[in-house]
Amino acid sequence: MSGRSSGAWALARAGLAIALGSWTPGLAQSQDASVVTARAATEMVSYTLKANGAEKTISQVVTPIAVIFPIGTRFSFDIATAWARSRVEVKGDSAPPSTVTGLTDTQVRGSYVFGQDAVVITAGLNLPTGQSTANAEQFAAAQNISNDFLLFPIGTMGAGFGATGGIAVARPIGAWNLGVGGSYRHSSDFTPFEYNDGQKAHYQPGRELRTRVGVDRSFRSSSAMLGATYSSFGDDKSAGATFNTGNRLVFQGAYSTLIGNRSYALSAWNLTRTRGTRADGGDAPTENITNIGLSAAYAVRGVALEPTIETRHLARAAASAGTSSARPSGSGQMETAGLRARWRAGAFQIAPGAAFSLGTLDREDLTGWHGTLAIRFVP
């Protein structure tokens, strides 16, 4: 395969993974599509928020497992799940910490390639192996990990049965590769909350339509990528109420280059959530999050080192006055510095990493740390 068609195929795979709405860690990273690959990791994240003497710590430990099985040259099958433990502890609170522990849902996906790597069709299932129902003691943990600004590795333990179909197309256009993807997702109803009397709240998610477009190109020792993803959500329903979380638009960009024996990469993304409606009839205000990161990579005695720095900013509009859901506008700012390492040990690739964060979120001081250990096996 030529370098141009190879780049188009990589973009189609990336566009397809995002279009499916369930990115599976490690599955799109194999350099040989005919080899079964597996990846296991442990990821630990903790954030502490302080304001006016109050202190709350939100933490999560995740062990994701993912495997991809090529079947012939055109069909591939992958499966991914994770074990997670999410915890929220309020300092000085007499109540015990809120904790949710167990398996998450399992994602199963198959993809088929048509023609010269130009069209990929996929079908995916979300199997409800995770805990989708939280009781009163678990609610704080289940709610806090879904924060878009903090971006925990697992945003929900379980979301019921779901099915997704998608298609991605990639074509070279001049020196650029163009990729376009689209998908439709349907989810069944589930019970996200159980009251103290044993009654359960039923929830029917709305349908999701997602479109993705991206371009990339390589020139000399550099490469660039730009992409946009638009997700449209139907109305959700629960307990006779109809509400909507708002649609989402994500822009992504990356540029990498080689200077001497070191490579550098600049990346950025921006998430905009449009105005939605709450179950009480009030509005869910718009929200915008921007993240910019800079990283370098170089080798020292066979070990690849990757120092990174990131900055992230949140701006949330105020809800309309006069509604029961009205609240002031919100903001957040967070700076993160980290270091990753990577080396090969036989058939294993080992990659530990650590990062530390400082910032504010909705007028609360924020500190956090992030640790990872990933092990990838390629026979």
**Report entry** Single match in 174, 181, 198 (criterion: in contact with a Lys or Arg (Cβ under 8 Å, 6 or more places away or on another chain) and of a type in the set (Gly, Ala, Ser))
**Finding:** 181
Query raised in the report: Has segment 189-205 got at least one residue that is farther than 23 Å from residue 95 by Cβ, in contact (Cβ under 8 Å) with a residue 60 or more places away in the chain and within 19 Å of the chain's Cα centre (by Cα)?
Result: no
Report task. Go through segment 88-119 and count every residue that is touching a Ser or Thr at 6+ places or on another chain (Cβ under 8 Å), free of Cβ contacts under 8 Å to residues at least 24 places away in the same chain and of a type in the set (D, E, K, R). Result -> 0
Query raised in the report: Looking at residue 183, is it touching a residue at least 60 places away in the same chain (Cβ under 8 Å), buried (at least 16 other Cβ atoms within 10 Å of the Cβ), in a strand (DSSP E or B) and not β-branched (Val, Ile, Thr)?
Result: yes
Report summary line: Of (1) part of a loop (DSSP other than H, G, I, E, B); (2) surrounded by fewer than 17 Cβ atoms within 10 Å (Cβ to Cβ); (3) among the β-branched types (Val, Ile, Thr), residue 213 fails just (1)
Query - Hey, residue 167 among the β-branched types (Val, Ile, Thr) and closer than 24 Å to residue 336 by Cα or not - result: no
**Report entry** Residue that is surrounded by the fewest Cβ atoms within 10 Å (Cβ to Cβ), among those in segment 96-117 that are in contact with an Asp or Glu (Cβ under 8 Å, 6 or more places away or on another chain) and in a loop (DSSP other than H, G, I, E, B)
**Finding:** 96
Requested in this report: Answer yes if at least one residue in segment 127-140 is over 19 Å from residue 59 (Cα atoms), in contact (Cβ under 8 Å) with a residue 24 or more places away in the chain, part of a strand (DSSP E or B) and out of contact with any Pro (no Cβ under 8 Å at 6 or more places or on another chain), and no otherwise.
Outcome: yes
**Report entry** Qualifying positions in segment 63-87 - free of Cβ contacts under 8 Å to residues at least 24 places away in the same chain and outside any strand (DSSP E or B)
**Finding:** 72
Query raised in the report: Which condition number does residue 24 fail, the rest of (1) modelled with pLDDT under 90; (2) out of contact with any helix residue (DSSP H, G or I) (no Cβ under 9 Å at 6 or more places or on another chain); (3) surrounded by 15 or more Cβ atoms within 10 Å (Cβ to Cβ) being met?
Result: (2)
Query raised in the report: Only one residue in 19, 33, 66, 41 is crowded, with 17+ Cβ neighbours inside 10 Å, modelled with pLDDT under 90 and more than 30 Å from residue 232 (Cβ to Cβ), so which one is that?
Result: 41
Query raised in the report: Hey, among 235, 197, which residue is surrounded by fewer than 16 Cβ atoms within 10 Å (Cβ to Cβ), at pLDDT below 90 and among the acidic types (Asp, Glu)?
Result: 197
Report summary line: Residue set 341, 351; condition at pLDDT 85 or above, in a strand (DSSP E or B), of a type in the set (A, V, I, L, M) and in contact with a Lys or Arg (Cβ under 6 Å, 6 or more places away or on another chain); output residue 351
Query raised in the report: Can you find a residue in segment 256-276 that is more than 30 Å from residue 194 (Cα to Cα) and outside any strand (DSSP E or B)?
Result: yes
Query raised in the report: Within the group 256, 267, which residue is closer than 30 Å to residue 299 by Cα, surrounded by 16 or more Cβ atoms within 10 Å (Cβ to Cβ) and under 17 Å from the mean Cα position of the chain (by Cα)?
Result: 267
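The values are calculated or read from the model by the stated rules, or taken from the named source; none is laboratory data. Because the structure is predicted, anything quoted here is derived from the model rather than measured. In this analysis, Cβ positions are derived from the backbone assuming ideal geometry, glycine residues included, and neighbour counts consider all displayed protein chains.
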